Amino acid sequence: MEFLTTSEAADYLRLGERKLYELVTTGAIPCSKVTGKWLFPRHELDLWVLSGLARPAGMLATEPPPVMGGSQDELLDWSLRESGSGLGSMSEGSARGLERLQRDEVTAVAVHFHSLDAAGNLASDANVTALRDAPGLHDALLVAFARREQGLVLPPGNPKRLRGLADVLALGARMAMRQQGTGAQMLLDVLLKRADATTRDLRRLETPALTGPDLAEMVRAGQADCGVATRAAARSAGLDFVPLVWENFDLAMRQRSYFRPTTQALIRFLSERRLRQRAEELTGYDPSPAGQIRFAA
C-alpha cells in the first residue's frame, strides 16, 4: 500500500495544500494521522475521485443490484445481516459470481480461488490473479474479509480414520462434491493434481452440493464419508474436521461500488469487535485482515 504525504497528495490531486487541509478538517477525504502527520493511501484517493465522477446527459451509469454474489460463508451471511447493509446474497460459487460481477449483475462477490503455481505448489494469491485476469474488470477492487480454514468434513469420530486426501483415495471413501467453479472444488482439483490424481480416481457422489453447509449435511446424513468444506461448516453440523489449508476469502467489486452506502455499511462493520467475536465462536476464521484493500486495478 502506497501512502502519500500532504504535499504529495496535493500534487497528486492537483489541489493546493490549504484546500487539502480543509478537506481533512471536514472529514471529506480519506486520510490517516500517524505520529502527528497526515498520510493519504493512494488507492483510497483514486476511489474518492471516482466516487464523484460526473457523466454527460444520456450516459447512464450501470448500478448493479444490492446483492453479494459468489461463495457462501456463514460469517459473511451473518455480517450482511448484522451490518444493516441491505445487501442480499446469491451463493453460486466464486467463478460464477465473478462472471456476474463482470456483467454488473451484483454489487460484489465473495471469492476464494485456488490454482497451482509454476512449481506445482498452491498459488499464494489466486484471488488477485483471477481478478486481474478477468476481462472487463479494469476498475476491480479486492477487499479482504477473512482467512478461512478448509479441510475434510467427516462423520463424528472419523470412523474411517481419514487423515488427508491420500487416505480418501487409498480407502475409496465416498466423497461429496461441490459444483464446478466453486472455490472448494477448485481446491480439491489442485490437491488431486498434486497427488497425480483426478476426480475420476475418487469414489464420488454424482449430485454436487450447492454450498458448504449442504455438503456437511450430506456427510451428517451418511450419504458420504467426507467432503471439502470449512471448519465452521463442519462445526455447525456437529461433524469432525481434518484441516487442509488456510485460504484468503475476499470480496471483489468494482471501484465505483466501494463507496455505495450498502457496501460502506458492510466495510465499516468489518472493523467492529462483534465480527471478531463471531469469528471466534464459529471457529476456523482469522478476521485480522478484514477490510484491507488487497488489490486495486
When the scattering of the range 109-187 is computed by the Debye formula from its Cα atoms alone, each counted once and equally, what is log10 I(q)/I(0) at q = 0.13 Å⁻¹? -0.56
Roughly what angle does helix 273-282 make with the longest principal axis of the chain, taking Cα atoms, 0 to 90 degrees, to the nearest 10? 10
In the chain, what % of DSSP beta bridges are antiparallel (nearest 5)? 75
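Work out the P(r) tail for the range 178-217: percent of alpha carbon pairs separated by more than 15 Å, whole number. List each step's numbers first, then the result.
Numbers: 330 of 780 pairs.
When all Cα pairs of the range 178-217 are counted, 42 percent exceed 15 Å.
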Expected vector for the range 80-86, Karplus 3J(HN,Hα) from phi with 6.51, -1.76, 1.60 and θ = phi - 60°, integer Hz, x for Gly and Pro, equals 4, 6, 5, 6, x, 5, x
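Want the number for Ala221 to Arg273: 0.36 nm per residue separation, take away the alpha-carbon distance, what's left? Don't skip to the end; give the middle numbers.
On the way: separation 52, 0.36 × 52 = 18.72 nm, distance 3.54 nm.
Full extension of this stretch gives 15.2 nm more.
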Taking amide hydrogens as modeled 1.01 Å from N in the peptide plane, which residues meet the under 5 Å criterion relative to Ala209, leaving out close sequence neighbours? Met177, Arg178, Gln179
Which of Ala290, Leu165, Phe249, positive extreme of dipole for the chain (C-beta unit charges): Ala290
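If contacts are Cα pairs under 8 angstrom and at least 6 residues apart, what is the relative contact order of the chain in percent? The partial results should precede the final answer.
On the way: 552 pairs, mean separation 69.9, N = 297.
RCO, the chain: 24 percent.
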Integer Hz, Karplus 6.51/-1.76/1.60 couplings in order for the range 4-11, x for Gly and Pro: 10, 6, 4, 5, 5, 5, 4, 5
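Lys and Arg at +1, Asp and Glu at -1: add these up for the other residues within a Cβ distance under 9 Å of Ser91 and post the number. Please list the in-between numbers first.
Numbers: positive: none; negative: Asp73, Asp77, Glu92.
Combined, the nearby Lys, Arg, Asp and Glu give -3.
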The convex hull of the Cα atoms of the range 80-135, divided by residue count, gives a volume in Å³ per residue of 98
The ³J(HN,Hα) series, computed from each phi in the range 212-219 with the Karplus coefficients 6.51, -1.76 and 1.60 at θ = phi - 60°, rounded to the nearest Hz and given as x for glycine or proline, is x, x, 5, 5, 4, 5, 5, 5
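If you average 1/r over all unlike Cα pairs in the range 167-297 and invert the result, what Kirkwood radius do you get in angstrom? Display every interim value, and only then the final one.
Working: mean 1/r = 0.0595 Å⁻¹.
Taking the inverse mean of 1/r over all distinct Cα pairs, the range 167-297 comes out at 16.8 Å.
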Using alpha-carbon coordinates, inclination of helix 183-194 to the longest axis of the chain, degrees: 60
Bounding extents of the range 3-52 in its principal axis frame from Cα atoms, largest first in Å, are 29, 20, 20
Sorted by chain and number, the residues with a modelled amide H under 5 Å from that of Gly69, at a separation of 5 or more or across chains, are Met90, Thr107, Ala108, Val109, Ala110
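Of all accessible surface on the chain at a 1.4 Å probe, what whole percent is carbon and sulfur? Could the numbers behind the result be given before it?
Numbers: 7080 of 14500 Å².
Carbon and sulfur atoms account for 49 percent of the accessible area of the chain.
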Could you pull the Rg and Dmax for the chain, using just the Cα atoms, both in Å? 21.5, 71
At a Förster distance of 25 Å, what's the computed FRET efficiency of Ala119 paired with Asp167, Cβ-Cβ distance as r, to 0.05? 0.50
For the chain, the per residue accessible area (1.4 Å probe, Å²) is 49
Percent of alpha carbon pairs in the range 1-147 separated by more than 28 Å? 39
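The values are calculated or read from the model by the stated rules, or taken from the named source; none is laboratory data. Only a predicted model underlies this, so the values are computations on that prediction, with no experimental measurement involved. Glycine gets a Cβ as well: all are built from the backbone with ideal geometry, and neighbour counts include every protein chain shown. Side chains included, ligands, DNA and RNA excluded: accessible areas come from the protein's heavy atoms. Shrake-Rupley method; radii C 1.70, N 1.55, O 1.52, S 1.80 Å.
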